[in-house]
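The next block holds one structure in the form of structure tokens; read it before the comments.
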């Protein structure tokens with residue numbers, strides 16, 4: 001079966017790709033009844049920068065998005081999922097699609113919308129300066145290069161083609177070993193908002 005849409009995009013016209021990240025941040029902030037100043041204090045980012053993100057005039061790096069998510073008591077993956085209306089049973093994400101993140105961030109969502117599966121592609125440098133703890137399972141696949149993962153009190157070196165499976169509740173951190181590393185992270189979460 002082939003994609004027969006004239007634009008080859010595989011999506012219904014959803015407007016500019018990635019244009020909803022600022023709206024997702026604003027919706028979450030308002031749902032928590034927080035001011036921009038409160039989120040700025042929680043995240044360590046400035047009010048003007050947060051305002052620019054909410055108004056789609058600035059694109060956060062993945063690190064900034066994680067800090068915003070922490071301030072909003074959610075995850076960067078959940079904000080990215082909420083930024084897309086692509087809750088379709090079949091959806092093609094093209095390599096050229098706009099993620100809504102800063103272009104030099106090296107992170108690309110591979111699944112759009114609110115689904116049980118989340119997948120991100122990380123390309124290039126990634127540092128182990130942040131520890132992660134997810135409630136559900138996660139799979140890491142090294143497509144190119146190598147990565148080191150600290151999990152369950154041990155360090156694992158993963159080479160091209162290797163995978164690492166983590167059950168929910170395992171604290172972990174990871175880093176890319178070289179500049180040409182490409183890692184795919186796939187995780188499972190509750191389905192839809194509020195699960």
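The values are calculated or read from the model by the stated rules, or taken from the named source; none is laboratory data. The structure presented is a predicted model; accordingly, all values stated were derived computationally and were not measured. Cβ placement follows ideal geometry from the backbone for every residue including glycine, while neighbour counts extend to all protein chains displayed.
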_Suppose the filter is assigned by TED's automatic domain parsing to the domain that holds residue 112, loosely packed, with under 12 Cβ neighbours inside 10 Å, under 30 Å from residue 31 (Cα atoms) and free of Cβ contacts under 8 Å to residues at least 40 places away in the same chain; does residue 135 pass it?_
no
*Within segment 138-163, how many residues turn out to be free of Cβ contacts under 8 Å to residues at least 12 places away in the same chain and touching a strand residue (DSSP E or B) at 6+ places or on another chain (Cβ under 9 Å)?*
2
*helices (runs of 4 or more DSSP H) lying entirely in segment 37-94 (those with 1 or more residues that are touching a residue at least 40 places away in the same chain (Cβ under 8 Å), within 11 Å of the chain's Cα centre (by Cα) and over 24 Å from residue 124 (Cβ atoms))*: 76-82
*Just one of (1) part of a loop (DSSP other than H, G, I, E, B); (2) modelled with pLDDT of 90 or more; (3) touching a helix residue (DSSP H, G or I) at 6+ places or on another chain (Cβ under 6 Å) trips up residue 114, so point out which.*
(2)
*If only one of 94, 112, 59, 63 is over 17 Å from residue 186 (Cα atoms) and crowded, with 18+ Cβ neighbours inside 10 Å, which one is it?*
59
*Working only within segment 95-111, note down all residues that are assigned to a loop (DSSP other than H, G, I, E, B) and at pLDDT 85 or above.*
95, 96, 106, 110
